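Every read-out reported here was derived from the displayed coordinates using simple, explicitly stated rules and does not represent laboratory data. None of the values given here were measured: they were computed from a predicted structure. Methodologically, a virtual Cβ is constructed for each residue, glycine included, from the backbone with ideal geometry; neighbour enumeration extends over all protein chains shown.
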Amino acid sequence: MSQRDFLKVLFFPPKDSVSLGEKALSGLAALGGIGLVMLASSFFLEGKDLPWVVASMGASAVLLFAVPLGPLSQPWPFAGGHLVSGLAGVTVAGLVQEPVLAAALAVSLAVFLMYLTGCLHPPGGATALTVVVGGDAIRSMGYEYLLTPVLLNVVIMLGWALLINNLLPNRYYPNTLQRLKETAASRVEADEPGVRLGIGKEDLEFALREMNEYVDVSCEDLSRIYSLAAIHAKQRRMGELLCGDIMTREVISAGYGDKVEDLWKLMGQHKIHGIPVVDSRCHVIGIVTIADFLNQVKIEDGRPLAARLRAFLKPSSGNSTDKPEYAGHVMTAPVVTIREDQHILDLFPVFSEKGVRHLPVVDASSCLVGMLTPANLLAALQAEMLSPT
């Protein structure tokens, strides 16, 4: 690396991807947290001692409100880090009178204990140091220092972090909360896409162990980053093919009151196996497939299947009937749809996981504009593979 490049990296670091609005919200959240801590601590400490104690909480505010998803910002590292470090500081301050040696030992012991107990939190070092260098008033508090102000401040800051980080848009705290929500909603887990793409959680954990150093990012976040990057790479390789680009536009549709006999004839005439059912606004309300017809005649009664099907399709005479007569009676609803502006990669989970073979395509106003089947997707992939790069 040249000297110019070194200076450029040193004084002009790469720009982050965080928006200005998000940065402002982090600052306002820190304002509220430190304000509450200062107010509570003022009841237990004199004005001259207050800055020493609150300083470590100021450092924690950077992590809790600017990097709320980082491993060092989570509830146990935050709470445990301050309490364990406070314990180390009070103990060393009571045993070692020489301030320089006591300060070094307090921070050293705090780092070791935080690492040992899995609650590494950088501002904890300041909590340990404060007992030693904060003055006689703080040193004389002894182990009471762990309760007021340390534990009190921890409870206040943690409560504020849980509240504000879950109220602000596009935020959640702690970092396991989103994964729990996704699992409860039966959505694709945040830490699973990497498995489908060839790298699983155990592979990421192995890589972190091999590095043998503390990396301020969780396996879940690494997996999420890898998944998004891999999907984006696939999209670049496949181009910006959208569902609207590969769908069948000449759609045969039916209304709720169309006769089942007419639907069967349409399937035969156009050699299709599914017909979407729409309302007066062209919104998809259901779909009728060959499987829906077969479900109506699956019960054996001694007659061949073809005979049972003919009997089902024949309109009933008179004003009464004992079988479904119209599209709305046999259709599958609700129906899975996809938007025309979605990338074709979104089709894979629909076709493979949901078992859908006839997929209505809708526009921004939810009106039917086309149909997709696995055949459309295969034709698009084949064309993409054969096209010159």
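Values for this structure:
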read-out: Debye intensity ratio in log₁₀ form over the Cα atoms of segment 234-389, taken at each q of 0.16, 0.20 Å⁻¹; value: -0.91, -1.23
read-out: Residue-by-residue Karplus 3J(HN,Hα) for segment 340-356, coefficients 6.51, -1.76, 1.60, Hz, glycine and proline x; value: 5, 8, 7, 6, 5, 5, 5, 6, 4, x, 5, 6, 8, 8, 8, x, 7
read-out: Under-5 Å amide H pairs with Gly370, H placed in peptide plane, nonlocal only; value: Val361
read-out: Label-point separation, Glu210 to Lys259 (7 Å along Cα→Cβ), nm; value: 7.0
read-out: Using θ = phi - 60° and Karplus 6.51 cos²θ - 1.76 cosθ + 1.60, couplings along segment 154-163 (whole Hz; Gly, Pro as x); value: 4, 4, 5, 5, 5, x, 5, 5, 5, 6
read-out: 5 angstrom amide H check on Gly286, placed H, neighbours 5+ away; value: Val277
read-out: Charged-residue dipole, Cβ positions (Lys, Arg, Asp, Glu), segment 3-167 about Cα centre, Debye nearest 20; value: 400
read-out: When each of Lys323/Lys354; Lys298/Lys354; Lys271/Lys354 is checked by Cα-Cα distance, pairs over 26 Å; value: Lys323/Lys354
read-out: Label point distance in nm, Ser19-Ile252, each placed 7 Å from Cα along Cα→Cβ; value: 4.7
read-out: Separation of the Ser316 and Thr332 label points, Cα + 7 Å toward Cβ, nm; value: 2.5
read-out: Potential extension, Leu28-His273 segment - 0.36 nm per residue separation minus Cα distance; value: 82.4 nm
read-out: Only Lys, Arg (+1) and Asp, Glu (-1) charged, at Cβ; segment 245-386 dipole about Cα centre in debye; value: 560
read-out: Separation between Cα centres of segment 324-359 and segment 291-320, rounded to whole Å; value: 25
